[in-house]
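One structure is given below, encoded as structure tokens.
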Amino acid sequence: MSLPAGIRVLERGWLSSNNILIDDGEGCTLIDSGYVAHAAQTLLLLQHALAGKRLTRLINTHCHSDHMGGNASLARAHGCRISIPAGEAGVIAAWDEDAMMLASTGQSAERFSYSDTLAEGDVLELGGLTWQALAAPGHDPNALLFYAPEARLLITGDALWENGFGLIFPELFGQSGYAAARSTLETIAQLEVDTVIPGHGAPFGDIGKALATAFARLDAYERDPARLARHALKVMLSFLLMIRGSIAEAELPGILADVPIYAEVNRRFLRLTEDQLRDYLVSDLERACALTRRDGRLYSTG
């Protein structure tokens with residue numbers, strides 16, 4: 001997929017979001033910094049990509065752990081300015097790990113300080129292009145899209161991927177999220193876009209197909225909220241396996257009991273026994289080739 005000169009996507013896996021490097025001339029801007037466990041790798045990748053230039057600014061599409069986990073390391077290494085969505089400012093300043101969904105999901109991040117905030121309607125000059133910040137609630141209530149009309153280029157974070165979108169977290173915790181996610185997809189559908197840079201996966205050009213897939217998935221979740229719940233818990237366990245590398249099968253019941261999201265989502269939507277939930281998650285992820293079992297341990301294949 002061809003991108004404008006001066007824009008480079010460091011495509012990562014699912015544990016870390018993509019890093020989008022934009023050459024501003026004398027310095028560079030990075031959008032999203034990956035997961036904290038990958039911070040050293042992120043620094044090395046960025047050092048090579050910068051080719052001697054300075055990293056002057058870091059922007060987050062939203063402040064989930066896989067998008068802002070490298071912020072602190074990048075700030076120490078480069079002294080860069082950090083810009084976050086305005087709606088995230090309070091929880092980041094207070095470092096409220098419950099509101100940031102770190103404590104509830106068994107994830108982590110290193111505390112960082114932000115320099116300024118961005119909000120819907122803000123205009124940025126990056127890489128010789130004018131970008132508009134657009135609200136993208138749904139996956140995260142405070143998330144932003146970045147749209148460059150002249151280049152017909154859209155940075156979507158987790159609001160739209162080639163084959164779907166990020167989990168609609170508010171719905172998992174008893175808040176409204178479906179209408180916001182639909183509104184975001186409708187906003188995207190009104191834009192003139194040739195290329196999408198998603199938060200995960202390669203840049204792509206067929207936005208019509210991606211939107212059709214996303215709307216169909218959203219419709220399915222609204223018809224059957226338990227479908228979102230089942231998918232969410234499998235994603236959470238897959239993510240945990242990627243963080244840890246492997247988990248002893250004997251430890252899994254304790255993990256599912258200790259990490260609040262599993263019990264909360266199960267109570268609200270699935271109502272399985274602890275054994276049923278464990279067996280369902282492991283067998284379904286194994287069937288999907290997302291994990292393997294070996295010598296009493298579970299290993300991520302992601």
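The values are calculated or read from the model by the stated rules, or taken from the named source; none is laboratory data. Computed from a predicted structure; not experimentally measured. Cβ: placed from backbone, ideal geometry, glycine included. Neighbour counts: every protein chain shown. Side chains are part of the model used for accessible areas, which takes the heavy atoms of the whole protein and leaves out ligands, DNA and RNA. Shrake-Rupley method; radii C 1.70, N 1.55, O 1.52, S 1.80 Å.
In degrees between 0 and 90, to the nearest 10, how far off the longest principal axis of the chain does helix 207-223 point, with axes built from Cα atoms?
30 degrees
If packing is taken as the average count of other Cβ atoms within 10 Å, what order do 251-262, 198-209, 27-38 fall into, highest mean first?
27-38, 198-209, 251-262
On a 1.4 Å probe surface of the protein chains, which of T61, T301 comes out largest in accessible area, and what is the full order?
Per-residue accessible area, sorted high to low, gives T301, T61.
Rounded to the nearest 500, what is the 222 nm mean residue ellipticity of the chain from helices alone, with -39500 (n - 2.57) per DSSP H run of 4+ residues and division by all residues?
Computed ellipticity for the chain at 222 nm equals -10500 deg cm²/dmol.
Going through region 27-93, which trypsin sites (Lys or Arg not before Pro) have at most 16 other Cβ atoms within 10 Å and a DSSP loop state?
Sites meeting the loop and neighbour criteria: K53.
Where does helix 39-50 land angle-wise versus the long Cα axis of the chain, in degrees 0 to 90, nearest 10?
On a 0 to 90 degree scale, this one is about 30.
Sort 241-247, 178-184 by packing, meaning the average of other beta carbons within 10 Å per residue, with the highest value first.
Result, highest mean first: 178-184, 241-247.
How high is the relative contact order of the chain? Use alpha-carbon pairs under 8 Å, at least six apart in sequence, and give a whole percent.
Normalised by residue count, the contact order of the chain is 13 percent.
How large a share of the accessible area of region 210-302, in percent, is made up of carbon and sulfur atoms when the probe is 1.4 Å and the other protein chains stay in place?
48 percent
Give the accessible surface of the chain per residue, rounded to a whole number of Å², with probe radius 1.4 Å and ligands, DNA and RNA excluded.
Here the residues of the chain average 43 Å² of exposed surface.
For V235 and R294 in the same chain, what is the full-extension length gain: residue separation times 0.36 nm, less their Cα-Cα distance, in nm?
Stretched fully, the V235-R294 segment lengthens by 19.2 nm.
Compute the signed sum of charges (Lys and Arg +1, Asp and Glu -1) over the other residues within less than 13 Å, Cβ to Cβ, of R76.
Result for the local shell: 0.
Which loop GluC sites (Glu not before Pro) in region 186-230, with loop taken from DSSP, have no more than 14 other Cβ atoms within 10 angstrom of their Cβ?
E192
If packing is taken as the average number of other Cβ atoms within 10 Å across a peptide's residues, how do 273-283, 65-75 rank, most packed first?
Sorting 273-283, 65-75 by mean packing, highest first, produces 65-75, 273-283.
For the Cα atoms of the chain, what angle does the longest principal axis make with the long axis of helix 274-287, in degrees from 0 to 90, nearest 10?
With both axes taken from Cα atoms, the answer is about 60 degrees.
Can you give the three extents of the C-alpha atoms in region 59-217 along their principal axes, from longest to shortest, in whole Å?
Principal extents (Cα only, largest first): 41, 39, 26 Å.
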